[in-house]
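Remarks on the structure that follows.
Laboratory data are not the source of any read-out in this text; all were calculated from the coordinates shown. Owing to the predicted nature of the structure, the values given are computational and were not obtained by experimental measurement. When we count neighbours, we look across all protein chains shown, and the Cβ atoms used for this are built from the backbone with ideal geometry, even at glycine.
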Amino acid sequence: MSINIFLPCRKGSERIPNKNTKDFAGVKGGLLKIKLEQLIKVSTVESIVVSSNDDVVLDFAEKYADSRIKIDERPDYLGSSSTSTDDLIEYVPTIIPDGHILWTHVTSPFLNESGYEAIINRYFQALSEGYDSLMTVKELRGFIWNKNGPISYDRKIEKWPRTQTIEPLYEIDSSVFINSVEQYRTMNDRVGLRPSMYVQDAESSIDIDWPEDFIFAEEMWKRKHKI
């Protein structure tokens, strides 16, 4: 029942250059440093695999004394902007051969060690309830439309219902995916057929993807940590 972290940090982010290690809110080592220091505090984790084709990332991770941190020098063809997530998923069980894989990202800096502990506990509980995997999500409770009209409510029933009465939708926030190595191999996916959806609060769900996300998250971090 071991949990092994997969932490992908590819080289060459186009939207935010050097996103993984550039200074973040005054933190040298940036998002990578923040994430590694959160993960090494999670006692239930057996290994933390830092997978990258970026020497700066690998060199930084190697400096940590925690023996659970493992370095994976990912081949360049799996670390480019054109690499598909499906190809990376197929690669993961070749470097983590057994147990359960918790896939997470440095771009979720507000998901801390206590959050990971809670998610891992929920995963094993979910397995006993008939779920086969877990993914973190954020709840959407609002007036959500596609190009054809509303999808979160029915205007034939009520044009503007109270948002708290709208049946929620869920957006995958890419903070955590947990699945067994066995299912990685048989299904080529980081979730199974019946994933448990772990609803996170708005702060923990923050994912840094665009330059404005980075700036916003920096300001939040400074306020939270009184920098």
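Some values worked out for this structure:
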quantity: Contour minus Cα-Cα distance for Ile95 and Lys159 (0.36 nm per residue); calculated: 17.8 nm
quantity: For Asp86, net neighbour charge (Lys/Arg +1, Asp/Glu -1) across residues whose Cβ lies under 12 Å away; calculated: -2
quantity: Cross-link pairs beyond the 19 Å C-alpha cut-off, checked among Lys33/Lys70; Lys22/Lys70; Lys138/Lys159; Lys28/Lys224; Lys138/Lys224; Lys70/Lys224; calculated: Lys22/Lys70; Lys138/Lys159; Lys138/Lys224; Lys70/Lys224
quantity: Sorted largest first, extent of the stretch 89-155 alpha carbons per principal axis (Å); calculated: 49, 30, 26
quantity: Integer Hz, Karplus 6.51/-1.76/1.60 couplings in order for the stretch 176-191, x for Gly and Pro; calculated: 8, 10, 10, 8, 7, 4, 4, 6, 3, 6, 7, 10, 6, 8, 8, 9
quantity: FRET efficiency for Glu167 and Glu117, using Cβ-Cβ distance with R0 set to 25 Å, rounded to 0.05; calculated: 0.25
quantity: Share, in percent, of DSSP beta bridges within the chain that are antiparallel, nearest 5; calculated: 40 percent
quantity: Cut-off under 5 Å, modelled amide H: who pairs with Lys70 long-range; calculated: Ile48, Val49, Val50
quantity: Order by protection proxy (mean Cβ within 10 Å, highest first), peptides 28-41, 123-136; calculated: 28-41, 123-136
quantity: Computed lengthening from Glu73 to Ala202, 0.36 nm per intervening residue step minus Cα-Cα distance; calculated: 43.1 nm
quantity: Value of D in µm² per second that Stokes-Einstein yields for the stretch 21-87, Kirkwood Rh from Cα pairs, at 37 °C (0.692 mPa s); calculated: 252 µm²/s
quantity: Sorted by Cβ density within 10 Å, fewest first, the residues Glu182, Glu167; calculated: Glu167, Glu182
quantity: The stretch 75-209: radius of gyration and largest Cα-Cα distance (Dmax), Å; calculated: 17.4, 54
quantity: Over the stretch 1-115, relative contact order from alpha-carbon pairs under 8 Å, at least 6 apart, %; calculated: 39 percent
quantity: Centroid-to-centroid separation of the stretch 156-227 and the stretch 1-44 [C-alpha atoms, Å]; calculated: 18 Å
quantity: Cα point-scatterer Debye curve for the chain, base-10 log of I(q)/I(0) at q = 0.07 Å⁻¹; calculated: -0.24
quantity: Other-chain or far-sequence residues with amide H under 5 Å of Lys22's (modelled H); calculated: Leu31
quantity: Contact order normalised by residue count of the chain, Cα under 8 Å, 6+ apart, percent; calculated: 23 percent
quantity: Inter-site label distance for Ser43 and Phe124 at 7 Å from Cα along Cβ, in nm; calculated: 1.2 nm
quantity: Relative contact order computed over the stretch 55-176 (Cα-Cα under 8 Å; 6+ residues apart), in percent; calculated: 23 percent
quantity: Angle in degrees between helix 30-39 and the longest Cα principal axis of the chain, rounded to the nearest 10; calculated: 90 degrees
quantity: Estimated vicinal HN-Hα couplings, Hz - the stretch 11-19 in sequence order (Karplus 6.51, -1.76, 1.60; Gly, Pro = x); calculated: 7, x, 4, 8, 6, 10, x, 6, 3
